[in-house]
Structure formats: C-alpha cells, structure tokens
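What follows is a set of notes on a single structure, which appears directly below.
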Amino acid sequence: EPDVTIVSGLKDTAVSEGDDVTFRCQVSHENARDVEWKLQDVALQNNEMNEISVEKGKIHTLTLRKVTEQDIGTVTFRVGAHTSTA
C-alpha cells in the first residue's frame, strides 16, 4: 500500500456563529485509509452536525454545521502519519 501524503493542507477559517464552515484537505492517493478528523483533539463522526465526505477520491472534506462558540479550536486532519491543522 503506497504511503498517502497530504498534498494540500487545511486553511485557517473564520466564521460567524450559526453558519456552516467547510475544511478541505487533498491527499496524494485515492481511497486513503486510516483517515481521521478531530476538533479540539476529539475525533469527529459523520452525523447531522459534522458532514465528512470525499470528493473526487482525493479531497477529504469536513463541514461543521451551525457552529457555536464551543466549536472554536483546532481542526486536525490525519492520514497515516501525516497531519494538517487549522
């Protein structure tokens, strides 16, 4: 299995309370395994508040819905041994 690396990392984003915000991270290979999103060191699951998806096989996206003040913090994307934060 090839080593999947991060080609394009996360970008810092400011958003108003109640809005949605999307983070994108591009990886080097399609069908990357061992992928994880975190907010403030808490692993995120795909649910009604967090939409986690993959576009075109390599672009991993996280959308946080209707953010609140409690959502302020560091978002981390990890694939294998590589991480990107915003």
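The values are calculated or read from the model by the stated rules, or taken from the named source; none is laboratory data. Because the structure is predicted, anything quoted here is derived from the model rather than measured. Every residue, glycine as well, gets a Cβ built from its backbone with ideal geometry; the counts of neighbours run over all protein chains shown. Areas reflect the complete protein model, heavy atoms only, side chains present, ligands, DNA and RNA absent. Shrake-Rupley method; radii C 1.70, N 1.55, O 1.52, S 1.80 Å.
Annotations for the structure displayed:
- Segment 61-85 and segment 15-30: distance between their alpha carbon centers, rounded to Å: 8
- Packing-based ranking, highest mean first, of 10-16, 20-26, 33-39 given that Cβ atoms within 10 Å are counted: 20-26, 33-39, 10-16
- Heavy-atom accessible area order for Glu55, Glu17, largest first, 1.4 Å probe: Glu17, Glu55
- Accessible area per residue for the chain is 64 Å², calculated with a 1.4 Å probe on protein heavy atoms, without ligands, DNA or RNA.
- Reference-scaled alpha-carbon Rg (2.2 N^0.38 Å with N residues) for the chain: 1.05
- The portion of the accessible surface of the chain made up by carbon and sulfur, rounded to a whole percent, is 44 (1.4 Å probe; DNA, RNA and ligands excluded).
- Length available on full extension from Arg33 to Asn47: 0.36 nm per residue minus the Cα-Cα distance, which gives 3.1 nm.
- Backbone N under 14 Å from the Thr68 label point (7 Å along Cα→Cβ), restricted to segment 41-58: 49-50
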